[in-house]
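Notes for the one structure printed next.
Read the figures in this text as sums done on the coordinates, not as results from a lab. On a predicted model such as this, the values are computed, not experimentally measured, just so you know. Glycine also receives a Cβ, built like all others from the backbone with ideal geometry; neighbour counts cover every protein chain displayed.
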Amino acid sequence: MRKIRVLLADDHRMFREGLKLILERADNIDVVGEAEDGDEAVELAGRLQPDVALLDITMPRMSGMVATAEMTRRWPNVRTLVLTVHEDRRYLRGVLAAGASGYLVKRQSGVELLAAIECVHRGDAYVGSSMARAVVDAYVSTGESEQRWIADGLSSREVDVLRLIAQGRRTAEIADALGIAETTVKTHRQKIMARLERRTTADLVRYAISSGLSPDLE
C-alpha cells in the first residue's frame, strides 16, 4: 500500500517534532519534509510534491493562508490541511477560500488529525469537530441559508444533501439520514455540483462555508 506523503510546516520546532512522532506511528503516512516558514513550505511543496501539506496559519515570511493559496494555484494536486490555534470563522472562511481542503484546531486529538489527513488525501474536505459544530448550528438555526441556496437554483432536497455534505457525511450516511437511496444521493450531488459549478466535493464544502450564501457562524 502506498503511503500518504505529508509535508509539515510550523515555525515551532518542538510542536513540529511532536506532530512528526504522531504521524510516523501511522502505517499509512510518510513525513517527507519539514518547513519552518511559509516560503520554505511552498518551495518544498514544489520540490517534493507531497500528497498533503499540513500548514500552520501564523508563520514568518509567508502565512499559512498565503502559502495555501500559492500551493493551490501552482500545484492543485497537493492537498492542504491547515492546523491552527484559531477557532474563528474568519480564519476558517479565509483558508477555505484560499483553497485549503481542511481546517483543524491544534487542541484536537491525534486520532482526528490522522482522520483529517486521510480525508483530504482522498479528495474530500475536512472541518475539525470543534468548528464543524458551529457550521452545522448555523445551517440549522436559520432558514435564511436555505432560501439563499434555493435562490441559487437548488431544490429543498438538494439543500438538505448539501448541508450533510458540508458536515463531512459519506454517501451512505446521507442516504440513511434522509431516507433515500445512495444512487439518489449521488444524483443530487452531481446536480448540485453542476448548478454551483463546482468540480469536487471539497469545492462544494469550501463554497458553502466561504461564500456569501452561507450564514455567519456567530
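Given the Cα-Cα distance of ARG25 and GLU182 and 0.36 nm per residue of separation, how much length would full extension add, in nm?
53.0 nm
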Exercise. When you count, for each residue, the other Cβ atoms within 10 Å and take the mean per peptide, how do 68-81, 12-25, 51-64 rank with the highest first?
Worked result: 51-64, 68-81, 12-25
Exercise. In nanometres, what is the gap between the two model label sites at ARG195 and ARG122, each 7 Å from Cα along Cα-to-Cβ?
Worked result: 2.7
Seminar exercise, completed: Env charge @ GLU24, Cβ radius under 11 Å, K,R +1 / D,E -1, value 0
Exercise. Using θ = phi - 60° and the Karplus form 6.51 cos²θ - 1.76 cosθ + 1.60, what ³J(HN,Hα) does each residue of segment 91-97 get, whole Hz, x for Gly and Pro?
Worked result: 5, 4, 4, x, 6, 5, 5
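Under the 0.36 nm per residue contour assumption, what length would be gained going from the current alpha-carbon distance of ASP88 and ALA172 to full extension? Please report the intermediate quantities before stating the final value.
Details: separation 84, 0.36 × 84 = 30.24 nm, distance 3.06 nm.
Full extension from ASP88 to ALA172 adds 27.2 nm.
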Problem set entry | Per-residue HN-Hα couplings for segment 174-181 [Karplus 6.51, -1.76, 1.60; θ = phi - 60°; Hz; x = Gly/Pro] | 5, 4, 5, 5, 9, x, 10, 6
Problem set entry | Least to most buried among TYR207, TYR126, TYR103 (fewest other Cβ within 10 Å first) | TYR207, TYR126, TYR103
Exercise. Fewest first, what order do THR84, THR200, THR183, THR171 take by the number of other Cβ atoms within 10 Å?
Worked result: THR183, THR200, THR171, THR84
